[in-house]
1. Starting from residues that are touching a strand residue (DSSP E or B) at 6+ places or on another chain (Cβ under 6 Å) and free of Cβ contacts under 8 Å to residues at least 24 places away in the same chain, keep the ones in the range 103-127 and report whichever is nearest to THR51 (Cα to Cα).
2. So if I check each of GLY54, GLY83, GLY61, which one is of a type in the set (Gly, Ala, Ser) and closer than 15 Å to THR119 by Cα?
3. Which residue is modelled with the lowest pLDDT, if the candidates are limited to the range 69-80 and must be within 27 Å of PHE126 (Cβ to Cβ) and surrounded by fewer than 18 Cβ atoms within 10 Å (Cβ to Cβ)?
4. Are there any pairs, at least 6 apart or on different chains, whose C-beta atoms fall under 7 Å, with the first in the range 34-49 and surrounded by 13 or more Cβ atoms within 10 Å (Cβ to Cβ) and the second of a type in the set (Asp, Glu), and if so, which?
5. Every residue in the range 37-72 that is under 18 Å from ALA19 (Cβ atoms) and of a type in the set (A, V, I, L, M, F, W, C), please.
6. Could you list, in sequence order, the residues of the range 50-71 that are in contact (Cβ under 8 Å) with a residue 40 or more places away in the chain and on the phi > 0 side of the Ramachandran plot?
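The values are calculated or read from the model by the stated rules, or taken from the named source; none is laboratory data. Remember, it's a predicted structure, so these values are computed and weren't measured experimentally. Here Cβ is always computed from backbone atoms with ideal geometry, including for glycine, and neighbour counts include all displayed protein chains.
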Amino acid sequence: MATVTVVTNLGRACLVNKAGGSNGSFGNPPFSINIGTGVGTAVNSMTSLFTESGSRFSATGSQITTAVTNDTCQFTAVYTAVGTITVTNVGLFDKSTSGSLLMASTFSSITLQSGDTLTVTFQIQFS
């Protein structure tokens, strides 16, 4: 008889909840997002953004459905520019200061003027 092991849909939802929070409180620890202005390509071994800019801003965590109920962690934050800035990368961190870079994304530059906002969303799907 062959051994078959699966993560059930409810198991997947539980894993998403635990990845996004602790003690049933999604988004705890407080996750944060920041922007970078340097040039580079995102790789698995990254520990910081390319020229991280300013202070990190709080991310709101939630559990959403992509393929099956509650299979995805989503973290969203809004950055408001205080002057002209060209953004080339963004990252999700597990703390508001120091901490670990959990996810990073690099892209063609986005130029923001003072008062412009940039909404950053990271999704981690457990499939």
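1. Selected residue: SER109.
2. Numbers: GLY54 fails: closer than 15 Å to THR119 by Cα; GLY83 fails: closer than 15 Å to THR119 by Cα.
Going through GLY54, GLY83, GLY61 in turn, just one is of a type in the set (Gly, Ala, Ser) and closer than 15 Å to THR119 by Cα: GLY61.
3. THR69
4. Once the first residue is surrounded by 13 or more Cβ atoms within 10 Å (Cβ to Cβ) and sits in the range 34-49, its partners that are of a type in the set (Asp, Glu) give ASN34/GLU52; GLY36/GLU52.
5. ALA59, ILE64, ALA67, VAL68
6. ASN70
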